[in-house]
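Taking it in order: structure first as structure tokens, then the write-up.
The values are calculated or read from the model by the stated rules, or taken from the named source; none is laboratory data. The structure displayed is predicted, hence computed values, not measured ones. Heads up, the Cβs are rebuilt from the backbone with ideal geometry, glycines too, and the neighbour counts pull from every protein chain shown.
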Amino acid sequence: MSHQTPWEILNVTPESSLAEIKKAYAKLAKENNPEEHPDEFRKLNDAYKSCSSIAKLRAKGQTVVVVQKDGTKTVLASIEKDKENEPDASSVESSEEKTPDFDFNVTEDIPQEPRAPKRDLGEDFDNDSVEYDNANAFDFSEINSEEASNDGLDPLDFFNKTCYETHMAHPNKPFSDEEIVRIAIKYLCYINTDSNFSHNKMIWEQFKHNRLVVDAFTLPIFEEEVNKIGLRYNDAKSLCMCIGGKSKPVFDNKTNSYKVDLDFTSQYYIDTYMSRVHRNVKPATEETSSEKTNSDESTSEDANDLKKKEIIEENEAKTESDTKTDTSSDPMLPEAYFEKLINERNLQDFDPKTPQADFDYAAKSALLIDTVIDYFAYIAGNDTYKNEIFYYNRFLDNELVKHVRKYDAFLGKINQRRFDQETLKILAEALGKDYEAGTFPNTPNQFYVYRKAPNQTEPDYKKLSDPLALHKEYLRQIELAKNKAEGSLSNDVKFQLIMHYLFILNRDEIYKRQIAWDTFTNDPLVREVFTFKRFRNEIVKVPLKGDFALLLAKFYHKNCDIKFSDKTKECFIVIPDKVKAPTLNVKKESKLPPRTQLLLLLTLLTIMILIAYLLAR
Amino acid sequence: MAIIGIDLGTTNSLAVCWKNDKPVLIRNSFNETSTPSVVGYDKENETYVVGAVANERLITHPNDTISEFKRCMGQNMEFMLNNRKETSVSLSSYVLKKIKEDAEAFLGEEVDEAIISVPAYFNDKARSDTKLAAELAGLRVDRLINEPSAAALSYLYSNGFEDQTLLIIDFGGGTLDVSLVETFDNIIEILAVAGNNELGGKDFNEVIAEYFCKQSGLVMDALRLQDKALIYKIAEKAKIHLSKSMSTIMTATIEGKDYSVSIDNNKLIKLCSNIFSKIKAPIDKVLRDARTTIDDIDDIVLVGGSSKMPTVRAFIKEVTGKAPNTNVNPDTAIALGAGIFAEIKNRNMDLKDIIMTDICPFSLGVATCDSMTGDIITEFIINRNSSLPCTRQKTFYTMSPMQESIRIQIYQGESIVVSKNLCLGELMIDLAHPTKEKQMITIKMSYDINGILIVDVEDKDGHIGDKVFMSKDTDLSPEEINKMRERIKAASILGREEEKNALLIARAERVFEESLEQERQIILAFLMQFKASLTSNSLKAINEAYTKLKDLLDNIEGRN
């Protein structure tokens, strides 16, 4: 059977039509019912799938080449469309005419026109904001536009496409000013069609640093041209945010859409766009930016890049807190700023030190952490304070901050805000010798501040990529610790040793080697530490690589699971409450290989027989 | 001993039996075919309430009533009911127990076996949980049927088994399933399935409820549980009303203040654009998986409660360019299909020739280490949409020379990232003869129609190990299952006779909450009268008070 071709299995020829194949399959399938003859049915089904797919291709007018088992090739020419198998036009019609159970008048009136899935957004964005009138028709245009974006067009791709189309309209002419403005606005509107884009800071950065967008924003006719178009609220608001300052959207009753009132005097606008424009205005001069502290004497191109970086930083600092005023113009003392935030957020009466089991307490604690981080962000984002360790120390001396520091979330939240290397280094310095700032192997460009490995005597693991060498080093550390403790190890030391071992396994991805995993899991000390309550409490807080977390979780208990943090891209082990810690006794038993167990048993038996024999005598 | 087909839905459950050579919907004690999938606990009478009574109590006793637990099937989520932790398994088994009782009363004989329909997109864990729930309720379930397959079966049963290709869209209360089905000569062949387990009619309700709050200046999170439930209820009502007319007005009294908001179908489309756009993705996926185009489809069949919405139908027509078939009753199609399938399983002579193949909705594979990068990735052996039964094999190599053992972890899912898939279990195999070269290992997987996966491992000398993964594998230990079984067996569910009265009381309490001062007084008076009559033991007095209260409620709610 196994050497038969699909056609032989179905008793048809490669030239058979789809109808013949179906008929043959139906006949054979009834003889070999899947319930009673699963194996035969599977073969039939596989054969049917192959034959029918080829027959379908031929029915669609394609030529198929089939290589026979003796190596000869058969060319199966396309066949005329088989009317029996093709959807019959009249049957489709009739199903449409069937009287519906529900009131379907509405659905019948649907306009057939908007079938094209990828509609150009440009044509309909000006009437999008108009309210649908009560006509008996559903308009899915908004959904379609969203799909267009979901269909995979990245905003930048969309921008390129729009540029290309505009270019193709008059290939030999450069873009007119009006066109530039329109492309920029279309680009902006497109970003707003999908929340995945509009919530992504990178996409907005990309937008704001686009050459054409900068050109458009700096054109004298920009505002006038934009207001000719008429915008939706979201688009108008985004545009105002891009320009900054006192820009605001204005509703226009006549066109039922939004216009914008742009503030071209804002410092942000001048820094971001006017300084970078290369067409109408002179290239940027060093003095335009008040932000420049670490000035340099590079070429204008480098200066541009540098400025870009600064702008990103500045934006980040700006988005950290909406309430913050322009930091560069009027620097408020960090303490005063913190106090202001506390007052604004109604935290002045909140006492975090007496925990209460209610929702309010939890919510306020979370808000307090955020406020403290905002305080920190204020220092880090302000030129006057950001390089002075004095302010960081003042920050850490604050009673509330002292309390918040105890939370596990504190450092995590600091790291989430993505501060730069210098800031984090100063913070680590201020936090004390237990802390340091650095990168992790898999995120070389991202700096984190973290607590150093808990061991005081830093083991010399370095980069031990060889699992056996790692294990050797680990055993050496145990010996060292034993010598130091003069005999048995305390649970605390055991725990720290294992946690560090685990840390190295995870950090250098050594766990991926089977042998490393086996040595780790079979180590008696590891097994002992796994039974600790403390281990259970601590392990769930350790960020791990995904597969390692899974291995570890399943090793700990089969009911354990892992969760993935989208923000830090790390996994954590989740131990459900009902899961009990593994017990040591069971593990000890399995320590002995079965063969040794058998040997022991045999010896015991022999001794017993001997004793019995001796006694009998 | 009878066998029934059950559609265990997110919002409603239905059962079908075979009577007089045709599938018949089983009616419950209220003479209705659908039983709401809601479970509650009545503290006063210390009984569990299931179905219509529990549904009425959703507003008045939100803390003691649980609904939509099907959405959590297969996840270890816990609900609190009667100070006890309940899972979606135990809650489903209360519903199934109720259905079983109703079916037994309807048929007059014991029911011990059932075919239950599940969304095609349910993974193994969710499927085994469904089976476990049935087992706990005292029903033997050898086979589950995918909801779209059931819908196809009932469509074909009533329309004839012509040679055609159908696109079946099952848009229910909590799930969306799309499947492509080919039929000819009494053969039903499922070609592809796709779906979204977290999209359903409930999402429309939520959007409408949010819109109501936004328009009335209310903050949803700040509302009392009762008020929230009330808003969800009127949102659902508005949605249902919009199926029949272009616009509707939602009114509610919250904390003594009247609010009313109007909504029409165009507004609904605007509000729910996100939901609509999610409907399209599985349709595209199915067509792509089956390598076919919309032009090859002969008919589109819409089933599930949400497909009654004209906007949904219009949207389907919009994206496919074809008007959906309306000959199938969206509410009962799946249950009927399950009933027909139960009869096929019973080898009824009339249906003997119908052959239905199913497919596995997820890919199955093993975790492997990529030799180039060292990354641990999933290597798929059985791809999704393979017809069942299915056997496939693949060859792998050991990672290092002199390797002594191999660990084979079986995963279900579509992600290349191992941890994103569902782990079904693992095999540890010791290699008898470690060699200096890397060894070749062949892994063969067989997945059969009952959801049993057999993994067979061979090296160059032959068989070295195998393992059977039954769908029945659960995380629960036999003791835990036994404990649950005892609990469900012992749980007193409201009897069929008392249920009628309980429903009326629950309804009166709900209407009381929904109405204003004057009406409240009347309802209260009638309700007290009715409650008093219940203790009097006089059948005549009870009937009188029952009719009086019922007429009053009908009047207030406008259903005469």
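So which residues in segment A:28-58 are assigned to a helix (DSSP H, G or I), more than 8 Å from every other protein chain (Cβ to nearest Cβ) and without any contact (Cβ under 8 Å) to a residue 40 or more places away in the chain?
Correct list: A:Leu28, A:Glu31, A:Glu40, A:Leu44, A:Ser52, A:Ala55, A:Lys56, A:Leu57, A:Arg58.
Could you please let me know if B:Ile254 is at pLDDT 85 or above and either more than 9 Å from chain A (Cβ to nearest Cβ) or buried (at least 18 other Cβ atoms within 10 Å of the Cβ) (or both)? I'd like the intermediate steps shown before the answer.
Working: at pLDDT 85 or above: no; either more than 9 Å from chain A (Cβ to nearest Cβ) or buried (at least 18 other Cβ atoms within 10 Å of the Cβ) (or both): yes.
When the stated conditions are applied, B:Ile254 does not pass them.
Yes/no per residue for (1) hydrophobic (A, V, I, L, M, F, W, C); (2) within 17 Å of B:Gly195 (Cα to Cα); (3) more than 9 Å from every other protein chain (Cβ to nearest Cβ):
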{"position": "B:Lys244", "(1), (2), (3)": "no, no, no"}
{"position": "B:Ser247", "(1), (2), (3)": "no, no, no"}
{"position": "B:Ser260", "(1), (2), (3)": "no, no, yes"}
{"position": "B:Gly304", "(1), (2), (3)": "no, yes, yes"}
{"position": "B:Pro310", "(1), (2), (3)": "no, no, no"}
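State which residue is surrounded by the fewest Cβ atoms within 10 Å (Cβ to Cβ) when the search covers only segment B:145-167 and only residues that are modelled with pLDDT under 85 and under 21 Å from B:Ser92 (Cα atoms).
B:Asn146
Tell me the strands (runs of 3 or more DSSP E) entirely within segment B:227-316 that contain at least 1 residues that are among the polar types (S, T, N, Q) and more than 29 Å from A:Asp194 (Cα to Cα). Steps first, please.
Numbers: elements: B:247-254, B:257-264, B:299-303.
Passing ranges, in order: B:247-254, B:257-264.
Mind telling me which of the residues A:Asn393, A:Asn491, A:Asn442, A:Asn455 ends up being surrounded by fewer than 18 Cβ atoms within 10 Å (Cβ to Cβ) and modelled with pLDDT of 80 or more? If you could, list the steps in order and put the result at the bottom.
On the way: A:Asn393 fails: modelled with pLDDT of 80 or more; A:Asn442 fails: modelled with pLDDT of 80 or more; A:Asn455 fails: modelled with pLDDT of 80 or more.
Testing whether each residue is surrounded by fewer than 18 Cβ atoms within 10 Å (Cβ to Cβ) and modelled with pLDDT of 80 or more leaves just A:Asn491.
So B:Glu379 clears everything in (1) acidic (Asp, Glu); (2) within 12 Å of chain A (Cβ to nearest Cβ); (3) more than 29 Å from the chain's Cα centre (by Cα) except one condition, right? Which one?
Tallying (1) acidic (Asp, Glu); (2) within 12 Å of chain A (Cβ to nearest Cβ); (3) more than 29 Å from the chain's Cα centre (by Cα), B:Glu379 fails exactly one: (2).
Please verify whether B:Asp448 is at the interface with another protein chain (Cβ under 10 Å from one of its Cβ atoms) and either buried (at least 20 other Cβ atoms within 10 Å of the Cβ) or among the charged types (D, E, K, R) (or both), treating the condition exactly as stated. Steps first, please.
On the way: at the interface with another protein chain (Cβ under 10 Å from one of its Cβ atoms): yes; either buried (at least 20 other Cβ atoms within 10 Å of the Cβ) or among the charged types (D, E, K, R) (or both): yes.
When the stated conditions are applied, B:Asp448 passes them.
Check B:Thr395 against each of (1) in a strand (DSSP E or B); (2) closer than 23 Å to B:Ala194 by Cβ; (3) β-branched (Val, Ile, Thr); (4) more than 12 Å from chain A (Cβ to nearest Cβ) and name the one condition it does not meet.
Among (1) in a strand (DSSP E or B); (2) closer than 23 Å to B:Ala194 by Cβ; (3) β-branched (Val, Ile, Thr); (4) more than 12 Å from chain A (Cβ to nearest Cβ), the lone unmet condition for B:Thr395 is (2).
Being out of contact with any Lys or Arg (no Cβ under 9 Å at 6 or more places or on another chain), under 25 Å from B:Ala252 (Cβ atoms) and modelled with pLDDT of 75 or more is the requirement here; does B:Ile522 meet it?
On the way: out of contact with any Lys or Arg (no Cβ under 9 Å at 6 or more places or on another chain): yes; under 25 Å from B:Ala252 (Cβ atoms): yes; modelled with pLDDT of 75 or more: yes.
Spelling it out, B:Ile522 is indeed out of contact with any Lys or Arg (no Cβ under 9 Å at 6 or more places or on another chain), under 25 Å from B:Ala252 (Cβ atoms) and modelled with pLDDT of 75 or more.
Any residue at all in segment B:324-346 that is touching a strand residue (DSSP E or B) at 6+ places or on another chain (Cβ under 7 Å), part of a helix (DSSP H, G or I), assigned by TED's automatic domain parsing to the domain that holds B:Phe171 and charged (D, E, K, R)?
Within segment B:324-346, not a single residue is touching a strand residue (DSSP E or B) at 6+ places or on another chain (Cβ under 7 Å), part of a helix (DSSP H, G or I), assigned by TED's automatic domain parsing to the domain that holds B:Phe171 and charged (D, E, K, R).
Quick check on my filter: what residues within segment A:512-564 are within 12 Å of another protein chain (Cβ to nearest Cβ) and of a type in the set (Phe, Trp, Tyr)?
The answer is A:Trp517, A:Phe548, A:Phe555, A:Phe564.
How many of the residues in segment A:161-208 are among the hydroxyl-bearing types (Ser, Thr, Tyr) and more than 23 Å from A:Lys237 (Cα to Cα)?
Number satisfying all stated conditions: 3.
Within the bounds of segment B:360-375, is there any residue that is facing chain A (nearest Cβ under 10 Å), free of Cβ contacts under 8 Å to residues at least 40 places away in the same chain and either surrounded by 21 or more Cβ atoms within 10 Å (Cβ to Cβ) or assigned to a helix (DSSP H, G or I) (or both)?
Taking every residue of segment B:360-375 in turn, none turns out to be facing chain A (nearest Cβ under 10 Å), free of Cβ contacts under 8 Å to residues at least 40 places away in the same chain and either surrounded by 21 or more Cβ atoms within 10 Å (Cβ to Cβ) or assigned to a helix (DSSP H, G or I) (or both).
Mind listing just one residue for me: the one in segment A:5-23 that is of a type in the set (Gly, Ala, Ser) and more than 14 Å from B:Thr183 (Cα to Cα) and, of those, nearest to the chain's Cα centre (by Cα)? Walk me through how you get there before you give the answer.
Kept after step one, since they are of a type in the set (Gly, Ala, Ser), are these residues of segment A:5-23: A:16-17, A:19.
With more than 14 Å from B:Thr183 (Cα to Cα) added as a condition, the list becomes A:16-17.
Values: A:Ser16: 51, A:Ser17: 49 Å.
Looking at residues that are of a type in the set (Gly, Ala, Ser) and more than 14 Å from B:Thr183 (Cα to Cα), I get A:Ser17.
Please pick out the residue among B:Thr435, B:Thr391, B:Thr442 that is exposed (fewer than 14 other Cβ atoms within 10 Å of the Cβ) and of a type in the set (Val, Ile, Thr).
Details: B:Thr391 fails: exposed (fewer than 14 other Cβ atoms within 10 Å of the Cβ); B:Thr442 fails: exposed (fewer than 14 other Cβ atoms within 10 Å of the Cβ).
That would be B:Thr435, the only listed residue that is exposed (fewer than 14 other Cβ atoms within 10 Å of the Cβ) and of a type in the set (Val, Ile, Thr).
Name the pairs: first residue in segment A:220-232 and within 12 Å of A:Asp261 (Cβ to Cβ), second residue part of a loop (DSSP other than H, G, I, E, B), Cβ to Cβ under 7 Å, at least 6 apart or on different chains?
Partner pairs satisfying both residue conditions: A:Glu223/A:Leu262.
Within the bounds of segment B:419-426, is there any residue that is surrounded by 14 or more Cβ atoms within 10 Å (Cβ to Cβ), within 13 Å of another protein chain (Cβ to nearest Cβ), assigned to a strand (DSSP E or B) and on the phi > 0 side of the Ramachandran plot? Full working, then the answer.
In the first step, residues of segment B:419-426 are kept if they are surrounded by 14 or more Cβ atoms within 10 Å (Cβ to Cβ); the result is B:419, B:421-426.
Of the ones still in play, those that are also within 13 Å of another protein chain (Cβ to nearest Cβ) are B:419, B:421-426.
Now narrow it down to the ones that are assigned to a strand (DSSP E or B): B:422-426.
Remaining after also requiring on the phi > 0 side of the Ramachandran plot: B:425.
Checked against the condition, which is being surrounded by 14 or more Cβ atoms within 10 Å (Cβ to Cβ), within 13 Å of another protein chain (Cβ to nearest Cβ), assigned to a strand (DSSP E or B) and on the phi > 0 side of the Ramachandran plot, segment B:419-426 yields at least one hit.
Find all pairs meeting these conditions: Cβ atoms under 9 angstrom apart; at least six residues apart or on different chains; first residue within segment A:419-434 and surrounded by fewer than 17 Cβ atoms within 10 Å (Cβ to Cβ); second residue assigned to a loop (DSSP other than H, G, I, E, B).
A:Glu422/A:Asn387; A:Lys433/A:Lys452; A:Asp434/A:Lys452; A:Asp434/A:Pro454
Within the bounds of segment B:453-468, is there any residue that is outside the structural domain of B:Ser387 (by TED's automatic domain parsing) and under 24 Å from the mean Cα position of the chain (by Cα)?
Scanning segment B:453-468, I find at least one residue that is outside the structural domain of B:Ser387 (by TED's automatic domain parsing) and under 24 Å from the mean Cα position of the chain (by Cα), so the answer is yes.
Here's a check for you: in segment A:155-174, which residue that is of a type in the set (Phe, Trp, Tyr) and closer than 17 Å to A:Cys189 by Cα is surrounded by the most Cβ atoms within 10 Å (Cβ to Cβ)?
Of all residues in segment A:155-174, those of a type in the set (Phe, Trp, Tyr) come to A:158-159, A:164.
Still in the list and also closer than 17 Å to A:Cys189 by Cα: A:158-159.
Values: A:Phe158: 21, A:Phe159: 23.
Restricting to residues being of a type in the set (Phe, Trp, Tyr) and closer than 17 Å to A:Cys189 by Cα, the top hit is A:Phe159.
Filtering segment B:45-83 down to residues that are touching a residue at least 40 places away in the same chain (Cβ under 8 Å) and part of a strand (DSSP E or B), which residue is farthest from B:Lys228 (Cα to Cα)?
Within segment B:45-83, the match that is farthest from B:Lys228 (Cα to Cα) is B:Thr47.
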